[in-house]
1. What does the C-alpha gyration tensor say about the overall shape of region 181-336? Classify as rounded when a/c is under 1.5, otherwise prolate if a/b is larger than b/c, or oblate.
2. Please work out whether region 164-270 counts as rounded, prolate or oblate from its C-alpha gyration tensor, where a ≥ b ≥ c are the square roots of the eigenvalues and a/c under 1.5 means rounded, while otherwise a/b larger than b/c means prolate and anything else oblate?
3. Can you work out D for region 194-256 in µm² s⁻¹ from Stokes-Einstein, where Rh is the Kirkwood radius over C-alpha pairs, the temperature is 4 °C and the viscosity is 1.567 mPa s?
4. Once both labels are modelled 7 Å past Cα along the beta-carbon direction, what's the ARG186-LEU314 spacing in nm?
5. Counting only residues 5 or more places away or on other chains, whose amide H sits under 5 Å from the amide H of ALA234 once H atoms are built in the peptide plane?
6. What are the ³J(HN,Hα) values, in whole Hz, obtained from phi via the Karplus relation 6.51 cos²θ - 1.76 cosθ + 1.60 with θ = phi - 60°, for each residue of region 38-52 in sequence order, with x given for Gly and Pro?
7. Pick out, from LEU225, ASN94, ILE156, the residue whose Cα sits farthest towards the positive end of the charge dipole of the chain, with +1 on the Cβ of Lys and Arg and -1 on the Cβ of Asp and Glu.
8. For region 139-168, list residues with backbone N below 19 Å from a point placed 7 Å from the Cα of THR6 toward its Cβ?
Amino acid sequence: MIDLETLKNLLAEPKKIVITTHHRPDGDAMGSSLGLFNYFIQKGHFVKVIAPSDYPYFLHWLPNNPEVIIYPTEVQKSNQLVAEADLIFCLDFNTLSRINELGDEVRKASGIKIMIDHHLEPEGFDDYRHWNIGACATAQLIYDFIVHQLGDKKAINKDIATCLYTGIMTDSGSFRFPTVTAELHRIVADLIDAGAENWRIHQLVYDNSSEERLKFLGYCLSNKLEVLREYNTAVIHISKEEIKKFNIKTGETEGIVNYALSINGIRLAAFIVERDDKVKLSLRSTGDFPANEICKRYFEGGGHRNAAGGQSDLPLLEVLEKFKAILPEYKNLLLQ
């Protein structure tokens with residue numbers, strides 16, 4: 001491990017830097033990555049953002065998004081950039097399996113690896129760590145890294161502020177989750193002062209649905225929502241044929257699970273979707289119910305207490321039944 005002073009000394013002169021984030025990046029992943037990208041290009045570094053997969057179209061407006069490299073479409077170039085990087089910043093993930101095949105390249109790379117993240121149980125591949133599970137979003141930690149660790153608040157310009165605001169807004173559920181603190185609101189105020197247009201960012205992210213996505217949402221709620229009142233749980237399960245029928249693209253299932261959680265009395269909600277390779281689960285909960293425990297114990301996943309994800313090699317309907325079979329174990333907590 002290296003200390004902060006060593007890292008600051010390294011960053012004092014132009015470096016080759018790679019920034020990467022997790023598979024199927026969300027608003028926090030891309031907001032953090034492009035926020036840090038916009039900071040480093042301002043400082044004269046040679047910087048590239050490599051995403052391990054594609055990501056939602058409603059994030060493509062972020063400042064300098066055209067500079068992002070999608071790993072599966074430019075494998076050779078990406079591998080060369082990683083191999084030659086002096087510094088590799090790993091944002092919004094803490095285990096290299098979260099970046100798929102790119103993880104093998106990062107692991108064997110000679111560059112110094114910096115992890116900035118807020119998820120539980122880091123793998124330990126990093127050389128420098130800015131990690132806080134109490135943070136609302138990795139974008140909050142990027143702000144802290146620039147402002148407090150590097151002491152460079154004056155560098156927060158409109159582009160950086162826009163990216164970081166996007167990350168914080170999306171990972172906080174538009175500022176409604178328990179991790180939203182008075183300090184976070186002070187950070188957000190600084191970002192607005194620096195030029196982040198909060199109303200416009202919200203519009204570009206949340207009021208930017210395709211017609212197919214809205215029809216799909218209606219279909220999920222009217223045809224696929226199952227409410228299990230005996231466990232205060234709601235479940236939506238979707239097959240890959242249904243995904244294809246509505247022409248659903250990357251990111252367009254994001255947030256649907258929250259509609260199930262919004263039902264009066266529901267403490268746990270699950271969105272279970274069949275992908276080409278695996279069945280993916282997205283769990284949300286209220287209060288102190290440990291959604292992450294279910295994902296970790298039964299579905300090869302993890303995450304935060306109230307927002308977690310997992311996966312399974314079982315067929316879709318078997319995953320659904322497995323999830324339901326787990327609920328009696330948690331009945332007391334679910335009925336509190």
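1. oblate
2. Judged from the Cα gyration tensor, region 164-270 comes out oblate (a/c at least 1.5, b/c at or above a/b).
3. For these conditions, the coefficient is 95 µm²/s.
4. Rounded to a tenth, the inter-label distance reads 4.8 nm.
5. The answer is LEU228, LEU268, ALA269, ALA270.
6. Computed from phi, the couplings for region 38-52 are 5, 5, 5, 5, 5, 8, x, 7, 8, 10, 9, 9, 10, 9, x Hz.
7. Checking the options against the dipole of the chain, the answer is LEU225.
8. From region 139-168, the list is 149-150.
The values are calculated or read from the model by the stated rules, or taken from the named source; none is laboratory data. Quantities reported herein were computed from a predicted structural model and do not represent experimental measurements. Glycine also receives a Cβ, built like all others from the backbone with ideal geometry; neighbour counts cover every protein chain displayed. All accessible areas refer to the heavy atoms of the entire protein, side chains included, with ligands and DNA or RNA removed. Shrake-Rupley method; radii C 1.70, N 1.55, O 1.52, S 1.80 Å.
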